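The values are calculated or read from the model by the stated rules, or taken from the named source; none is laboratory data. Quick caveat: nothing in here was measured; it's all calculated off a predicted structure. Here the Cβ positions follow ideal geometry from the backbone for every residue, glycine too, while neighbour counts run over all protein chains shown. The protein model used for the area step is the full one, side chains on, heavy atoms only, and it has no ligands, DNA or RNA in it. Shrake-Rupley method; radii C 1.70, N 1.55, O 1.52, S 1.80 Å.
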Amino acid sequence: PAVATGPLVAERFLGPAPGAADWRRRFDRRAPGRPPVVLSAGAWGAGTRLAATARMLSAAGYLPVALCGRDERLRDRLSRCPRVAALGWEPDLPGLLAATRALVDNAAGQTALEALATGVPVVGYRPIPGHGREGVRRMAALGLTDHAADSWELLRLLDALTAPSALRERRIAAGRRLFATDPTDVAARLAEMVADGGAGVMTPFS
């Protein structure tokens, strides 16, 4: 039998993040009054015009928090941009995400799912070819995230998603509904079926 489940993310993204308060203090010290927005480039720092996007967000009054993954050259380049927090591989991603107002993502991958689990709205922007482009469009079509076709739309969406708004609440609620079913529970049930010789009947999960 085939069973559809929610995405698999680490459990620490699904509950309160102990490190969030410390991240909020750090962001406030760095750029008081500026809403922090995560700019994700994945583990490899992949993407186009990342520095230009960071500068644009900064000029619009945000604090871009750039996740550069393991690309130290990208981190060094973004560190030279004024009012941009450029980070490398960050172990406390649950705390960081919980302390920010939105994620600008280009791949519709694991970081986007972790943001949705944390309750952070996601905007797809300048997606990478292949799975990134298709994933960003599909998630937006399902009402889970938003897709900014250009820089003006990106800023318009961030203005709506980072402040209290009906759009923000809809996106947070839609994202969290993805995780109503724990895929590890389904996997455990399937393992029990195999251990019993496949004799059991798999019941549907909602």
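What single numbered condition from (1) under 15 Å from residue 104 (Cβ atoms); (2) free of Cβ contacts under 8 Å to residues at least 24 places away in the same chain fails to hold for residue 42?
Only one criterion in (1) under 15 Å from residue 104 (Cβ atoms); (2) free of Cβ contacts under 8 Å to residues at least 24 places away in the same chain is unmet by residue 42, namely (2).
Can you name every residue in the range 80-101 that is touching a strand residue (DSSP E or B) at 6+ places or on another chain (Cβ under 7 Å) and either acidic (Asp, Glu) or at positive phi (or both)?
Result: 83, 90.
Report, by residue number, each residue of the range 108-117 that is buried (at least 20 other Cβ atoms within 10 Å of the Cβ) and under 27 Å from residue 18 (Cβ atoms).
Filtering the range 108-117 for residues buried (at least 20 other Cβ atoms within 10 Å of the Cβ) gives 108, 111-117.
Answer for the range 108-117, where residues must be buried (at least 20 other Cβ atoms within 10 Å of the Cβ) and under 27 Å from residue 18 (Cβ atoms): 111, 112, 113, 114, 115, 116, 117.
State all residues of the range 118-147 that are crowded, with 20+ Cβ neighbours inside 10 Å and either of a type in the set (Val, Ile, Thr) or touching a Pro at 6+ places or on another chain (Cβ under 6 Å) (or both); if no residue qualifies, say none.
Once the filter is applied, which keeps residues that are crowded, with 20+ Cβ neighbours inside 10 Å and either of a type in the set (Val, Ile, Thr) or touching a Pro at 6+ places or on another chain (Cβ under 6 Å) (or both), the range 118-147 yields 118, 120, 122, 123, 136, 145.
Quick check on residue 53: is it modelled with pLDDT under 90 and hydroxyl-bearing (Ser, Thr, Tyr)?
Working: modelled with pLDDT under 90: no; hydroxyl-bearing (Ser, Thr, Tyr): yes.
When the stated conditions are applied, residue 53 does not pass them.
Can you tell me which of (1) free of Cβ contacts under 8 Å to residues at least 40 places away in the same chain; (2) in contact with a helix residue (DSSP H, G or I) (Cβ under 9 Å, 6 or more places away or on another chain) is the one residue 79 doesn't meet?
Answer for residue 79: the failing condition is (2).
Do the conditions hold for residue 96, that is, is it open to solvent by less than 30 Å² (accessible area, probe 1.4 Å) and out of contact with any Lys or Arg (no Cβ under 7 Å at 6 or more places or on another chain)?
Working: open to solvent by less than 30 Å² (accessible area, probe 1.4 Å): yes; out of contact with any Lys or Arg (no Cβ under 7 Å at 6 or more places or on another chain): yes.
Criteria met by residue 96.
Just for the range 113-134: of the residues that are among the small types (Gly, Ala, Ser) and modelled with pLDDT under 95, which one is farthest from the chain's Cα centre (by Cα)?
Initial filter on the range 113-134 (among the small types (Gly, Ala, Ser)): 115, 117, 119, 124, 130, 132.
The next check asks that each one be modelled with pLDDT under 95; those that pass are 130, 132.
Values: 130: 19, 132: 13 Å.
Per the stated criteria, the residue is 130.
Does residue 175 satisfy being within 14 Å of the chain's Cα centre (by Cα) and either of a type in the set (Ser, Thr, Tyr) or closer than 26 Å to residue 10 by Cα (or both)?
Yes.
Which of the residues spanning the range 169-184 are modelled with pLDDT of 85 or more and loosely packed, with under 15 Cβ neighbours inside 10 Å? Explain how you work it out, then say what you get.
Of all residues in the range 169-184, those modelled with pLDDT of 85 or more come to 169-179.
Passing the criteria: 169, 170, 173, 177.
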